[in-house]
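Below is one structure, written out as structure tokens; comments come after it.
The values are calculated or read from the model by the stated rules, or taken from the named source; none is laboratory data. Everything quoted here is computed from the prediction, not taken from an experiment. Don't worry about glycine lacking a Cβ; one is built from the backbone with ideal geometry, like all the others, and counts go over all protein chains shown. For the accessible areas, the whole protein counts, side chains as well, though only heavy atoms, and no ligand, DNA or RNA atoms are used. Shrake-Rupley method; radii C 1.70, N 1.55, O 1.52, S 1.80 Å.
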Amino acid sequence: MAEVTLVIRGGSVVTPEGLRRLDLALGDGTVLDLGEAIPGPPGATVLDAAGCLIGPGLVDLHTHLRQPGREEAETVESGARAAALGGYTAVVAMPNTEPAIDSAGVARDVLALGRDTVAEVAVAGAITVGRAGKALAPIGELAALGVRIFTDDGAGVQDGALMRRALDYAKGVGVTLAQHCEDECLSVGGAMHEGCWSSRLGLPGIPAAAEESMVARDIQLVRLTGAPVHFLHLSTAGSVQLVRDAKAEGLPVTAEAAPHHMLLTHAEVAGYDPVFKVNPPLRSDGDVAAVIAGLCDGTIDAIATDHAPHAPETKDAPFDQAPPGMLGLQTALPIAWQVLSPLLGPEQIFALMSTRPSAIAGLGVTDSRIAGHSAHGGPLDVGATGNLCVFDPSATTVVDPTRLASRSRNTPYAGRTFTGAVRHTVLRGEPVVIDAVAQR
Ligand SMILES: [Zn+2]
């Protein structure tokens, strides 16, 4: 039997059936034992988890790590550190880098950069060459490297016939296409949600229909091809209802929502602060309520951060000229906890942030093709990979932009306090965050 190197004491383990007051012993990268009052053998690290929830490490389906090309905003290393501090043990790096992740060479480079980071880094490949929406990327070649998700995120695939061909191809290869739903004919020139606030502020609007028309089109294409589609960052009540109906019909669709679309509305834009510019934009109160309802009834499968760092010199621009995007990795779980814990149990919140995103990204099992990758999403039984998030629901997270691990500072939550805080993160049995401090 492997040697115990880590014992986590005093917490409650989040299981699919609810909470269980258990200590954990880990060694050789895996959970070796769960039980009451497990002693710490000499030489083992003992972590206090009194009052904490011990869940499977979080998995983010939607992280912009900006490398290669925008290293002043984020690197694989700095983004992975932000992820670990947020309780994540794996993130999916979006392919809208410079160059885009549209070839095996770039995918290999990003995977190599993430080999020894404090959170595992999977990559999403682009659907089209250069994310330009004209010609299919070498999806099969990327799939052979272990890439399971493909998206042109930052843009939707505008050409329906090309998207249909991509779906046919993806189905044959066994990978999932993820769509950033935005009809550019409807959104062009827009800077914020089209509604009462865009009128009042005199900013050009992006109507809800720009998102909903592409969700509707892609549902038709799923019906036509039988290929699965994952909908990125749903933000409108209409989109949520379209996905709810598609699921009721039995179509293979999944969806995610971002924490900012569960908490913030277009009213935040009143001060023209570009930190509140994001794509899809912050929407109405009714849309926020619909996103939360979708998370509660299973229409939306996962919470994904859309962590989108921008260096101050590019983000600090007039609202209509600033690039869209906000940081998210270090605030996602406290926000989810604050918004959802009155409505859902801890096991359901961890399912939205770990188990289901892990399954959608194909990270629930170890892929031997990718060095250093392990299984995520639980359940935390004996033999499970030692990927854990230890969360203290009675602590608070105070957001200080200068203390975030990201290279960028564009959090919309500066100065805000949330209920709950990530205390420890364990990656393959190694404590990479202890008492909210990254260990490397
Ligand atoms: Zn997007």
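Computed values, structure above
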read-out	value
Lys, Arg +1 and Asp, Glu -1 on Cβ, resulting dipole of the chain about Cα centre, debye, nearest 20	160
For the chain, the fraction of alpha-carbon pairs in successive 20 Å shells from zero, as %	28, 60, 13, 0
FRET efficiency estimate (nearest 0.05) - Cβ-Cβ, residue 395 to residue 270, R0 35 angstrom	0.65
Qualifying lysines (Cα of each under 29 Å from Cα of residue 247; at least 8 residues distant if same chain)	171
Within-12-Å neighbourhood charge of residue 302 [Cβ basis; K, R +1; D, E -1]	-3
Estimated distance in nm for a label pair at residue 402 and residue 224, the labels positioned 7 Å out from Cα along Cα-to-Cβ	5.5
Sparsely packed GluC sites (Glu not before Pro) within segment 225-289, loop by DSSP, other Cβ within 10 Å at most 12	249
Accessible surface of the chain [probe 1.4 Å, protein heavy atoms]: carbon and sulfur percent	52
For the chain, calculated [θ]222 nm from helices alone, where every DSSP H run of n ≥ 4 adds -39500 (n - 2.57)	-7500 deg cm²/dmol
Spin-label pair residue 414/residue 112, simplified geometry with 7 Å Cα→Cβ offset, distance in nm	3.8
Accessible surface, the chain, averaged per residue in Å² (probe 1.4 Å)	35
Neighbour net charge for residue 408 - beta-carbon separation under 9 angstrom, K R +1, D E -1	+2
Centroid-to-centroid separation of segment 63-113 and segment 1-36 [C-alpha atoms, Å]	31
Spin-label model distance (nm) - residue 144 vs residue 434, 7 Å beyond Cα toward Cβ	4.4
Debye equation applied to the C-alpha atoms of segment 315-440, log10 I(q)/I(0) at 0.19 Å⁻¹	-1.21
Set of lysines near residue 315 by C-alpha distance (under 18 Å), chain-local residues within fewer than 8 positions excluded	277
